[in-house]
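The values are calculated or read from the model by the stated rules, or taken from the named source; none is laboratory data. Because the structure is a prediction, the values reported are computed rather than measured. When we count neighbours, we look across all protein chains shown, and the Cβ atoms used for this are built from the backbone with ideal geometry, even at glycine. The protein model used for the area step is the full one, side chains on, heavy atoms only, and it has no ligands, DNA or RNA in it. Shrake-Rupley method; radii C 1.70, N 1.55, O 1.52, S 1.80 Å.
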Amino acid sequence: SSSGVSCVANYSTRFFVRGVSCVANYSTRFVVRGELSGHLTIRLFVRVPPSWMVEPQDLSVLFQHPVTLHCQASGFPTPTITWMKAKGDQPSEYMSLESGPKLIISDNGSVLIRAVEPNHEGHYTCQANNGIGSALSKVIFLRVNGEWGKGGVGSSHRGA
């Protein structure tokens with residue numbers, strides 16, 4: 001132009017793996033008399049509510065065997081996975097699970113129980129939340145089968 005000022009704009013979009021979110025970049029350079037005098041980049045992040053990658057499922061496991069409870073969700077920002085276990089036989093009141101020597105909560109949202117005991121049987125809830133939209137929540141039942149105690153045989157459900 002006659003004033004010696006020009007503006008060059010670039011626009012691009014990029015999608016993350018599994019379409020979880022996209023990033024749009026808009027960059028502008030201001031050039032005055034052949035020299036760069038300013039640069040501006042704007043990034044747009046699209047927030048996406050959680051969706052299941054690996055939805056938790058009911059499981060049966062033999063007494064003293066290991067079991068992994070799987071739960072994975074995607075979204076942007078990355079959802080936080082929380083596991084809880086029902087305090088009684090019904091899935092109404094829950095307590096949070098915490099890692100320890102017999103139970104490990106991994107970074108990917110899975111729970112490993114090294115050697116299942118009768119007290120591990122019950123309802124578990126996995127919740128995925130990132131503050132966008134509604135949290136995902138799934139209740140599952142872990143059944144412990146096998147022999148324990150003084151020759152007693154474990155049932156598929158206490159009281160059955």
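So the values come out like this:
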{"read-out": "Strands (runs of 3 or more DSSP E) (entirely within segment 1-93) containing at least 3 residues that are at pLDDT 65 or above and open to solvent by 50 Å² or more (accessible area, probe 1.4 Å)", "value": "35-45, 48-54, 59-62"}
{"read-out": "Which numbered condition TYR94 fails, given (1) more than 14 Å from VAL54 (Cα to Cα); (2) out of contact with any His (no Cβ under 9 Å at 6 or more places or on another chain)", "value": "(2)"}
{"read-out": "Subset tally (residues that are surrounded by fewer than 18 Cβ atoms within 10 Å (Cβ to Cβ), part of a loop (DSSP other than H, G, I, E, B) and free of Cβ contacts under 8 Å to residues at least 40 places away in the same chain) for segment 94-129", "value": "8"}
{"read-out": "Filtered residue count, segment 130-148, keeping only those that are open to solvent by less than 60 Å² (accessible area, probe 1.4 Å) and among the polar types (S, T, N, Q)", "value": "2"}
